[in-house]
Amino acid sequence: MIFKILLSYICGYVNISVEGYFIERFINMCISKRILLWNTKREKSTYLQTNISIKDFKRIKEIAKKTKCRATINRKKGLPFILNRYKKRKIFIVALILITTSILMTSRYIWNIEIQGNERIETEEILAQLNEKGIIIGAKKSKIDTEEIIRQIRLKRDDIAWMSIDLNGTNAIIKIVENTGKPEIVNKNDYCNIVANKSGVITKINAKSGTPVVKVGDVVTKDTILVGRMDGRKIYRNKIYSQ
């Protein structure tokens, strides 16, 4: 039954009103002739509304005549009537088809490239390398091997610690994490100077190693050398306080 209703929608169906004193006989004759009626609503004994396929509507004319009932069409529904409604709007339909096709076609290509995460590395520099590898505006996504591109770029650059390429819709989103480089290794045995980290007045000097360059009462500014030639080993063995 569901299949027949679906087929009726594809081929077209009508909503009809049936009036007469022999409604029961009308329904029974439709059933005996295997005419499908659905969404039937009987508001009173002499009146009902129902759906019927276009093909079967032509057949009930004889049944309506025999049962002295009158069948009239209320609404026409289904695919044929929808297409007939828009057949005078051919330009609209053609334009709709072209727009839909264009959207489907353009979604297969890259139309925007976005770089994220770079602070020290210039965006134009990364874009140039991506363009060399095939990631350009208008490139077809199916021809881009993101893993291979990432591998090649990272082999050439020491300033990129991590990189990803995400082809999302028409966007190519490139995320990178910059390499901070190796930390400076300080030799604990080297000699060094103690400098002021801010401006102030010297109130006390207690240098257990090195040569004091300033004396109590001196006014110093930031980065002024306070103690020169400090033995690096002493720095790590003693706590040094400055006031």
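Looking at (1) at pLDDT below 85; (2) hydroxyl-bearing (Ser, Thr, Tyr); (3) under 31 Å from the mean Cα position of the chain (by Cα), which is the one condition that is false for Thr146?
(1) is the only condition that Thr146 fails.
Can you pull out the helices (runs of 4 or more DSSP H) entirely within region 1-77 that have at least 3 residues that are at pLDDT 85 or above?
23-32, 54-66
Please go through (1) open to solvent by 50 Å² or more (accessible area, probe 1.4 Å); (2) in a helix (DSSP H, G or I) for Ile136 and return the number of the only condition it doesn't satisfy.
Every condition holds for Ile136 apart from (2).
Quick one: what pairs do we get from region 196-224, first residue of a type in the set (Ser, Thr, Tyr), second open to solvent by 100 Å² or more (accessible area, probe 1.4 Å) and outside any loop (DSSP other than H, G, I, E, B), C-beta under 9 Å, 6+ apart or different chains?
Pairs found: Ser199/Val219; Ser209/Arg229; Ser209/Arg233; Thr211/Arg229.
Could you please let me know if Glu148 is in a loop (DSSP other than H, G, I, E, B) and loosely packed, with under 12 Cβ neighbours inside 10 Å?
It is false that Glu148 is in a loop (DSSP other than H, G, I, E, B) and loosely packed, with under 12 Cβ neighbours inside 10 Å.
Within region 30-38, is there a residue that is of a type in the set (Ser, Thr, Tyr) and within 30 Å of Asp159 (Cα to Cα)?
no
Would you pick out the residues in region 107-128 that are in a helix (DSSP H, G or I) and either under 17 Å from Asp166 (Cβ atoms) or among the hydroxyl-bearing types (Ser, Thr, Tyr) (or both)?
Thr123, Ile126, Leu127
The values are calculated or read from the model by the stated rules, or taken from the named source; none is laboratory data. Bear in mind that the values here come from a model prediction, so they are computed numbers and not experimental data. Here Cβ is always computed from backbone atoms with ideal geometry, including for glycine, and neighbour counts include all displayed protein chains. Heads up: the accessible areas ignore ligands, DNA and RNA and are worked out on the full protein's heavy atoms, side chains in. Shrake-Rupley method; radii C 1.70, N 1.55, O 1.52, S 1.80 Å.
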